Amino acid sequence: MAQADLNVVLRERVGKGGARSARRAGLVPGVVYGPKITPCTVNVEPKALATAIGGAAGWNTMLTLKGEGSFNGLFAIVKDMQVDSITRVPTHVDFQAIDATAAASFMVPVNAVGQCIGVKEGGSLQLIRKELEVFCLPTSIPAAIDIAVDSLGIGDVVHINDVVVPEGVELPHDVNFTVITVIGYKGGDDDVEESDDEVVAEEA
């Protein structure tokens, strides 16, 4: 699992006023919470945050929080982040403290890997689930779940039971749902019908 240190500053002024003040100062307001910590408000430099979670693991990067507060030295992941719709600058971030020795659930992105035969034949590869829930130790979170699609033809489907994950990682699920499918091109019959109509119109 990807790891990074992140310096955060305890923000004593809580509420919307404190968050607005942080944004005016060019900082991202946030909160740290978890099973072994009293929730506390913090500020973080946007560039430092972007660098820490900018790798392939993204939000699943295990962060070691640094700073003067009860959060110092804790492991955490980004649980949620609000972003300005225009500037794309983070406006708030939630850090969830985690126990590195206890398995938990995490969301991991899905990657379709390879050149799909069905696509070459004119079909379309549909990624039905862009993320999958995994259950594992925080230190074992995969950056992504890669699914080989080279052999998939039109009409083929990859179900959750078909997905292979690294040792120590589980895919909790009750239903064998679809993750990836390849659908065929629709419209050939319509094209033929339109051509027949044109012929009839010309004969009339």
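Every read-out reported here was derived from the displayed coordinates using simple, explicitly stated rules and does not represent laboratory data. Keep in mind that this is a model prediction, so the values were computed, not measured. Virtual Cβ from ideal backbone geometry, glycine too; neighbours counted across all protein chains shown.
Here are some notes:
- Between 0 and 90 degrees, the angle of helix 188-203 with respect to the longest Cα principal axis of the chain falls at about 40 degrees.
- Dimensions in Å of segment 61-108 - Rg and Dmax from alpha carbons: 12.9, 39
- Helical content of the chain, expressed as a calculated mean residue ellipticity at 222 nm, amounts to -5000 deg cm²/dmol (DSSP H runs of 4 or more residues, -39,500 (n - 2.57) each, divided by residue number, nearest 500).
- When only the Cβ of Lys, Arg, Asp and Glu is charged (+1, +1, -1, -1), the dipole of segment 1-78 relative to its Cα centre reaches about 360 debye.
- Relative contact order [Cα under 8 Å, 6+ residues apart], segment 1-71, whole percent: 48 percent
- Debye log10 I(q)/I(0) at q = 0.16, 0.18 Å⁻¹ for segment 93-137, Cα point scatterers: -0.63, -0.70
- Candidates Met62, Gly18, Cys136 compared by Cα position along the dipole of the chain: farthest toward the positive end lies Gly18, with charges placed on Cβ.
- Computed magnitude of the charge dipole of segment 24-183 (debye, nearest 20; Cβ of K, R +1, Cβ of D, E -1): 600 debye
- Cα-based radius of gyration of segment 1-62 once divided by 2.2 N^0.38 Å, which approximates compact folds: 1.19
- Projected-area average for the chain over all orientations - Cα convex hull basis, square nanometres: 17.4 nm²
- Checking every one of the trypsin sites (Lys or Arg not before Pro) in segment 48-110 against DSSP loop status and a limit of 13 other Cβ atoms within 10 Å picks out Arg88.
- Zone residues, segment 75-117, relative to Lys36, backbone N less than 15 Å from point 7 Å out along Cα-to-Cβ: 75-77, 96-104
- Where only C-alpha atoms are counted, convex hull volume of segment 104-189 per residue in Å³: 87 Å³
- Between 0 and 90 degrees, the angle of helix 15-24 with respect to the longest Cα principal axis of the chain falls at about 80 degrees.
- Evaluated at q = 0.13, 0.15, 0.24 Å⁻¹, a Debye calculation over the C-alpha positions of segment 1-106 (equal weights, vacuum) places log10 I(q)/I(0) at -0.43, -0.57, -1.44.
- Qualifying GluC sites (Glu not before Pro) for segment 84-157 [loop in DSSP, other Cβ within 10 Å: at most 12]: Glu121
- The value of relative contact order for segment 104-189, using C-alpha pairs under 8 Å at least six residues apart, is 39 percent.
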